[in-house]
Amino acid sequence: MAADRFAARRQKLLHGLKGTGADALLVTNFTNVTYLTGFSGDDSFLLVSKAATVLISDGRYTTQIGKECPGLDRCIRSQKESTIAATAGVICQARVQKLGVESESLTVAEHEKLAAALKSQTLIPVAGAVEELRLIKDAEELVEIRKAVRQAEKGFEVLRAELRGELSELEVANNLEYSMRQFGARGASFPPIIAVGARAALPHARPTSCRISEADFVLIDWGASATSGYKSDLTRVLVTGKISPKLEKLYRVVLNAQLAGIAAIRLGVRCCDVDAAARRVVDEAGFGKHFNHGLGHGVGLDIHEGLRFNAVSTEELKPGMIMTVEPGVYFEGWGGVRIEDDVLVTRTGCEVLTSTPKEFEQSIIQ
Ligand code: ZN
Ligand code: ZN
């Protein structure tokens with residue numbers, strides 16, 4: 001059953017290649033290889049052509065490939081042979097003439113070597129063919145993303161219950177990652193951001209030895225990666241000290257902006273219009289220039305993939321897409337507030353997959 005699902009994706013990929021002039025695709029983006037085969041390792045390429053599908057890998061992965069992709073043809077290169085040489089051999093054997101290569105992943109050096117080894121074939125750059133398929137999540141992918149959401153939220157519940165002033169950002173990050181694993185995650189979906197007070201003004205702050213008690217609030221941006229590789233991505237701000245009127249005001253503006261963004265999500269709506277719906281709320285409150293990033297991004301096997309909610313994306317939403325909605329307002333030297341949830345586009349509107357409480361009152365830790 002599972003094998004059929006991957007074969008169906010490869011079939012769709014071949015169909016999608018028709019307009020490119022290529023009759024096969026060499027998949028070199030490891031995440032795309034996973035998406036098309038179920039193989040979870042790295043350092044392996046996949047040839048997809050009408051006549052053959054071959055995973056090109058090395059001896060470290062022989063057993064794993066047998067388990068994860070039974071029935072898939074493989075070429076396990078010897079230690080003396082380079083990946084490119086083995087790949088060229090597979091391509092010749094499959095009698096591919098017009099080889100599509102993933103232009104966003106194959107390096108210039110690899111391209112040169114491949115072209116040198118394949119004198120009678122034409123290499124055709126292809127961008128985004130697999131990524132296009134990954135935009136719409138199927139039922140099995142949804143199950144995995146819901147799992148990653150649950151693992152992240154359970155881990156956060158533990159963090160919240162055990163949060164103490166003497167803990168450093170690094171310790172909190174470490175504990176959070178640990179508890180997500182306790183709930184079945186492979187690990188964090190990206191290094192968690194734990195940003196105390198003024199440090200929350202940096203949208204991508206790295207945890208430091210700064211202690212929770214050094215300010216009145218902490219911003220936490222985190223997610224889990226399920227064992228399948230599917231990811232979740234959330235942000236919450238917890239009030240750990242005295243409640244400042246400025247924090248409360250910003251929090252309510254950001255939350256209202258986020259709710260307005262979510263309310264705008266339904267099939268056929270352009271990404272820029274969802275961004276605008278949230279941004280309007282921040283603008284009207286007078287903080288427009290302090291919301292200095294896009295509203296959100298697609299999430300799946302990669303933490304950032306697919307579409308973006310920003311001012312320029314005119315792509316339209318379709319059922320099965322999963323997007324984050326994460327407005328933020330930042331003041332250098334003071335800190336920032338961001339609230340982020342993961343949202344599934346459905347046939348009738350949308351479904352917020354994350355359920356960690358986010359009302360201001362619920363963010364206050366006693
Ligand atoms: Zn995030
Ligand atoms: Zn995000």
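Name the single residue, out of those in region 278-315 being within 15 Å of ligand 2 (Cβ to nearest atom) and open to solvent by 40 Å² or more (accessible area, probe 1.4 Å), that is farthest from VAL33 (Cα to Cα).
Per the criteria, the residue is ASN292.
When you go through ALA7, ALA51 one by one, which is the residue that is farther than 23 Å from ILE303 by Cα, not assigned by TED's automatic domain parsing to the domain that holds SER225 and not in a loop (DSSP other than H, G, I, E, B)?
Details: ALA51 fails: not in a loop (DSSP other than H, G, I, E, B).
Answer to the selection: ALA7.
Which one is nearest to ligand 2 (Cβ to nearest atom), of the residues in region 224-250 that are small (Gly, Ala, Ser) and under 11 Å from the mean Cα position of the chain (by Cα)?
Of all residues in region 224-250, those small (Gly, Ala, Ser) come to 224-226, 228-229, 232, 241, 244.
Right, trim to under 11 Å from the mean Cα position of the chain (by Cα) and you get 224-225, 229, 232.
On the way: ALA224: 13, SER225: 14, GLY229: 17, SER232: 10 Å.
Ranking the candidates gives SER232 first.
Out of PHE45, PHE30, PHE39, report the one residue that is open to solvent by less than 20 Å² (accessible area, probe 1.4 Å) and touching an Asp or Glu at 6+ places or on another chain (Cβ under 6 Å). Working first, answer last.
On the way: PHE45 fails: touching an Asp or Glu at 6+ places or on another chain (Cβ under 6 Å); PHE30 fails: open to solvent by less than 20 Å² (accessible area, probe 1.4 Å).
Selected residue: PHE39, the only one of PHE45, PHE30, PHE39 that is open to solvent by less than 20 Å² (accessible area, probe 1.4 Å) and touching an Asp or Glu at 6+ places or on another chain (Cβ under 6 Å).
Mind checking which residues of region 204-231 are away from ligand 1 (no atom under 16 Å from the Cβ) and free of Cβ contacts under 8 Å to residues at least 60 places away in the same chain?
Pass one, region 204-231, residues away from ligand 1 (no atom under 16 Å from the Cβ): 208-217, 226-229.
Of everything in region 204-231, those that are away from ligand 1 (no atom under 16 Å from the Cβ) and free of Cβ contacts under 8 Å to residues at least 60 places away in the same chain turn out to be THR208, SER209, CYS210, ARG211, ILE212, SER213, GLU214, ASP216, THR227.
Among the residues of region 283-291, is any in a loop (DSSP other than H, G, I, E, B), within 16 Å of ligand 1 (Cβ to nearest atom) and under 18 Å from ARG308 (Cα atoms)?
First, pick out the residues of region 283-291 that are in a loop (DSSP other than H, G, I, E, B): 285-287, 291.
Narrowing the set further to residues that are within 16 Å of ligand 1 (Cβ to nearest atom) leaves 291.
Narrowing the set further to residues that are under 18 Å from ARG308 (Cα atoms) leaves 291.
Among the residues of region 283-291, at least one is in a loop (DSSP other than H, G, I, E, B), within 16 Å of ligand 1 (Cβ to nearest atom) and under 18 Å from ARG308 (Cα atoms), which makes the answer yes.
If a residue has to be of a type outside the set (Val, Ile, Thr), out of contact with any helix residue (DSSP H, G or I) (no Cβ under 9 Å at 6 or more places or on another chain) and within 28 Å of ILE243 (Cβ to Cβ) to count, how many in region 315-365 make the cut?
2
Select from region 316-345 the residues that are surrounded by 15 or more Cβ atoms within 10 Å (Cβ to Cβ), on the phi < 0 side of the Ramachandran plot and away from ligand 1 (no atom under 16 Å from the Cβ) and list them in ascending order. Give the steps one after another, and end with the answer.
Going through region 316-345, the residues surrounded by 15 or more Cβ atoms within 10 Å (Cβ to Cβ) turn out to be 317, 319-331, 334-345.
With the extra rule that they be on the phi < 0 side of the Ramachandran plot, the set shrinks to 317, 319, 321-331, 334, 336-345.
Result: LEU317, PRO319, MET321, PHE331, TRP334, LEU344, VAL345.
Yes/no matrix, rows are residues, columns are (1) over 30 Å from ALA185 (Cβ atoms); (2) free of Cβ contacts under 8 Å to residues at least 12 places away in the same chain; (3) crowded, with 24+ Cβ neighbours inside 10 Å; (4) among the hydroxyl-bearing types (Ser, Thr, Tyr):
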{"residue": "ASP233", "(1), (2), (3), (4)": "no, no, yes, no"}
{"residue": "VAL237", "(1), (2), (3), (4)": "no, no, yes, no"}
{"residue": "PRO245", "(1), (2), (3), (4)": "yes, yes, no, no"}
{"residue": "VAL254", "(1), (2), (3), (4)": "no, no, yes, no"}
{"residue": "ALA257", "(1), (2), (3), (4)": "no, no, yes, no"}
{"residue": "ILE262", "(1), (2), (3), (4)": "no, no, no, no"}
{"residue": "GLY268", "(1), (2), (3), (4)": "yes, no, no, no"}
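Any chance region 139-154 includes a residue that's charged (D, E, K, R), farther than 30 Å from LEU317 by Cα and in contact (Cβ under 8 Å) with a residue 24 or more places away in the chain?
Taking region 139-154 first, the residues charged (D, E, K, R) are 140-141, 144, 146-147, 150, 153-154.
Retained after the next criterion (residues that are farther than 30 Å from LEU317 by Cα): none.
Checking region 139-154: not a single residue is charged (D, E, K, R), farther than 30 Å from LEU317 by Cα and in contact (Cβ under 8 Å) with a residue 24 or more places away in the chain.
Pick out the one residue from SER57, SER103 that is more than 15 Å from ALA24 (Cα to Cα) and touching a strand residue (DSSP E or B) at 6+ places or on another chain (Cβ under 7 Å). Walk me through it before giving the result.
On the way: SER103 fails: more than 15 Å from ALA24 (Cα to Cα).
Among SER57, SER103, only SER57 is more than 15 Å from ALA24 (Cα to Cα) and touching a strand residue (DSSP E or B) at 6+ places or on another chain (Cβ under 7 Å).
Count, please, the residues in region 114-129 that happen to be in a loop (DSSP other than H, G, I, E, B) and either among the acidic types (Asp, Glu) or surrounded by fewer than 18 Cβ atoms within 10 Å (Cβ to Cβ) (or both). Break it down into steps so the answer makes sense when it comes.
Kept after step one, since they are in a loop (DSSP other than H, G, I, E, B), are these residues of region 114-129: 118-121, 127-128.
Those still in the list that are either among the acidic types (Asp, Glu) or surrounded by fewer than 18 Cβ atoms within 10 Å (Cβ to Cβ) (or both) too: 119-120, 127-128.
Residues flagged as in a loop (DSSP other than H, G, I, E, B) and either among the acidic types (Asp, Glu) or surrounded by fewer than 18 Cβ atoms within 10 Å (Cβ to Cβ) (or both) within region 114-129 amount to 4.
List the number of the failed condition for VAL352; all other conditions in (1) hydrophobic (A, V, I, L, M, F, W, C); (2) more than 16 Å from ligand 1 (Cβ to nearest atom); (3) open to solvent by 40 Å² or more (accessible area, probe 1.4 Å) hold.
So VAL352 meets the others, but not (2).
Looking at region 152-162, can you tell me whether even one residue there is farther than 21 Å from SER355 by Cβ and touching a strand residue (DSSP E or B) at 6+ places or on another chain (Cβ under 9 Å)? Step through it out loud before you land on a result.
Initial filter on region 152-162 (farther than 21 Å from SER355 by Cβ): none.
Among the residues of region 152-162, not one is farther than 21 Å from SER355 by Cβ and touching a strand residue (DSSP E or B) at 6+ places or on another chain (Cβ under 9 Å), which makes the answer no.
The values are calculated or read from the model by the stated rules, or taken from the named source; none is laboratory data. What you see is a predicted model; the values in this text were computed from it and never measured. So basically every Cβ, Gly included, is an ideal-geometry build from the backbone, and we count neighbours across all protein chains shown. Calculation scope for accessible area: heavy atoms of the full protein, side chains included, ligands and nucleic acids excluded. Shrake-Rupley method; radii C 1.70, N 1.55, O 1.52, S 1.80 Å.
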